[in-house]
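Beneath this line is the structure, given in structure tokens, with notes to follow.
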Amino acid sequence: MPQNTFKALVLTQEGKKTVATIQQLALDDLPEGDVLVAVEYSSLNYKDGLAVTGKGKIVRQFPMVPGVDLAGTVLESSAPDYQVGDKVVLTGWSVGERYWGGYTQKARLQSRWLVPLPAGMDTKTAMAIGTAGFTAMLCVMALEEAGILPDGDKPILVTGASGGVGSVAVALLAKLGYTVHAVSGRPETEGYLRELGATGFVSREEMNQPPKPLEAQRWAGAVDTVGSTMLARVLAEIDYGGAVAACGLAGGADLPTTVMPFILRGVKLLGVDSVMCPFARRQQAWARLVQDLPGNALQSISHVASLEEVPQLADDIIAGRVRGRIVVDPNAS
Ligand code: NDP
């Protein structure tokens, strides 16, 4: 590799097709920003799958370096808050969609997007958590703030449980002492989900049945990553005063529900967004992740991939074939 160049995965457009290639870039190719970061790890999330395959219209400009999150070390900084050598983590802010993201060995970024890596966490663990795990934490915090605590007599349901957000949500809730039931479309993942701490397993087929306006009250709360009919059924089955933290739409963006769960059972629907989440809440969520997910808790659910492997894995995540979390190492070959 010529000196001063580095490797990145770059998306370009040929007609209506999105094409992903590995390219050698120079520092001058990078966009403006007040911090240059040596990227140690990024991760593969559902949104990255949409970006890299071109199946979701989420990339706002080409060429684009995708990767909605990254963790690494500051190489250059003109920002007062960051010094050379600082470890940082970034999720959200439309990075990998509107601004160049994490599938690169070097990234120039806006310092206001960064969070200092919390003490007690390394960059690999940060990306085993990544946007998916960070979002799972925001969902758990939303449930806690709605008064859904581990002392309830009914379980918490997690949908899309074998996916990235779902897996970390199951692990987190179980570690916090909640009774967790998991919904998955893949029966073969039951053992995996039980290892993460789920004590009950519900089939996707069962939860995808269109509900009556109200159904039997089965769940104290839920983390929903699927949306559509599944979210409608979850809402109809939530206990009086319960809450659903909704963050995803893997099953569709519609919501065929009625007002009944809200007006007759006081059910709260809590929307969770990790992209524009304010700095103080980001820091709080990362600190909670250090505290509530011990270092090795995600080892069994994550595996490392190179930049070259990303296009195939992007197809896999969109097809629902990925289990748990994929950490992307831009320095691996
Ligand atoms: P994954 O692909 O890893 O997980 C999604 C899971 O949903 C799959 O593993 C599968 O689980 C289930 N699923 C997939 N397709 C369907 C379907 N058609 N019907 C029902 N269930 C389905 O994605 P992530 O965990 O990374 O993301 C999940 C969702 O959350 C996505 O919509 C993503 O865009 C969103 N998200 C939102 C964020 C926010 O800030 N609000 C941040 C991060 C993600 P199983 O096989 O176990 O059923």
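For the pair A287 and F62, what calculated FRET efficiency results from E = 1/(1 + (r/R0)^6), where r is the Cβ-Cβ distance and R0 = 30 Å, to the nearest 0.05? Could you put the intermediate results ahead of the total?
Values: r = 37 Å, r/R0 = 1.22.
It comes out at approximately 0.25.
Starting with the fewest neighbours, write out I301, I238, I263 ranked by other beta-carbon atoms found within 10 Å of each beta-carbon. Write down the numbers at each step before the final one.
Numbers: I301 20, I238 28, I263 9.
Lowest to highest Cβ neighbour count: I263, I301, I238.
Taking the Cα of K17, stepping 7 Å toward and past its beta carbon, and measuring to each backbone N in segment 47-74: which are under 13 Å?
Taking a point 7 Å out along Cα→Cβ of K17, the residues of segment 47-74 whose backbone N falls under 13 Å are 54.
Between N296 and D34, what is 0.36 nm times their sequence separation minus the Cα-Cα distance? Round to one decimal in nm. Numbers along the way, then the final one.
Details: separation 262, 0.36 × 262 = 94.32 nm, distance 3.34 nm.
Between N296 and D34, full extension yields an extra 91.0 nm.
The chain: Rg/Rh from Cα coordinates, Kirkwood Rh?
Rounded to two decimals, Rg/Rh equals 0.99.
Quote to one decimal, in nm, the extra length available between E145 and D273 on full extension: 0.36 nm per residue of separation minus the C-alpha distance between them. Spell out each step's value before the answer.
Working: separation 128, 0.36 × 128 = 46.08 nm, distance 1.54 nm.
Stretched fully, the E145-D273 segment lengthens by 44.5 nm.
To the nearest 0.05, how large is the calculated FRET efficiency for A26 and A253 if R₀ is 41 Å and r is the Cβ-Cβ distance? Present the calculation step by step, with values, prior to reporting the outcome.
On the way: r = 40 Å, r/R0 = 0.97.
For A26 and A253, the calculated efficiency is 0.55.
Straight-line reach from K154: which lysines have a Cα under 17 Å away, not including same-chain ones fewer than 8 places off?
Leaving aside lysines fewer than 8 places away in the same chain, those within reach of K154 are K175, K268.
At a Cα cut-off below 22 Å, give the lysines reachable from K106, other chains included and same-chain residues fewer than 8 away excluded.
Within the straight-line limit of under 22 Å, K106 reaches these lysines: K7, K47, K87, K124.
Once each part is reduced to its C-alpha centroid, what is the distance from segment 30-106 to segment 230-298 in angstrom?
Using only Cα atoms to place each centre, the spacing works out to 26 Å.
Rg and Dmax of segment 131-271, Cα atoms, in Å?
13.2, 38
Residues with beta-carbon under 13 Å from that of P80, excluding P80: net charge, scoring Lys, Arg +1 and Asp, Glu -1?
Values: positive: R112; negative: D34, D81, D86.
Net charge around P80: -2.
Find, among the GluC sites (Glu not before Pro) in segment 1-86, those assigned to loop by DSSP (not H, G, I, E, B) with at most 16 other beta-carbon atoms within 10 angstrom.
Working: sites: E14, E32, E40, E76; in loops: E32.
Loop-located and lightly packed - E32.
If we count every other residue with Cβ under 12 angstrom of A332's Cβ, Lys/Arg +1 and Asp/Glu -1, where does the sum land?
Values: positive: K7, K124; negative: E40, E308, E309, D329.
It works out to a net charge of -2.
What are the residues whose amide H is under 5 Å from the amide H of D69, where those residues sit 5 or more places off or on another chain and H is modelled from the backbone?
Close amide H contacts, sequence-distant or interchain: S43, G102.
Between S78 and N331, what length in nm is gained on full extension when 0.36 nm per residue of separation is reduced by their alpha carbon distance?
Once the chain is fully extended between S78 and N331, it gains 88.5 nm.
Just tell me which lysines come within less than 16 Å, Cα to Cα, of K17; anything on the same chain fewer than 8 places away is out.
In chain and number order, the partners are K55, K57.
So if R0 is 51 Å, what FRET efficiency would Q110 and L214 give, r being the distance between their Cβ atoms, rounded to the nearest 0.05? Intermediate values should be presented prior to the final figure.
Numbers: r = 47 Å, r/R0 = 0.92.
Efficiency, rounded to the nearest 0.05: 0.65.
How far is it, in nm, from the label point at K55 to the one at E188 when both lie 7 Å from their Cα along the line to the Cβ?
Calculated label separation equals 1.8 nm.
I'd like to know which of P211, A245, L149 lies farthest towards the positive end of the charge dipole of segment 131-271, counting +1 on Cβ of Lys and Arg and -1 on Cβ of Asp and Glu.
P211
So for segment 203-333, Kirkwood radius off the Cα pairs, Stokes-Einstein at 20 °C and 1.002 mPa s: how many µm² s⁻¹? Numbers along the way, then the final one.
On the way: Rh = 17.3 Å.
In µm²/s, the coefficient rounds to 124.
Bear in mind that the values in this text are calculations on the coordinates, not laboratory data. Treat the numbers as computed from the prediction; the structure is a model and nothing was measured. For neighbour counting, all protein chains shown are included, and Cβ atoms are generated from backbone atoms with ideal geometry for every residue, glycine included.
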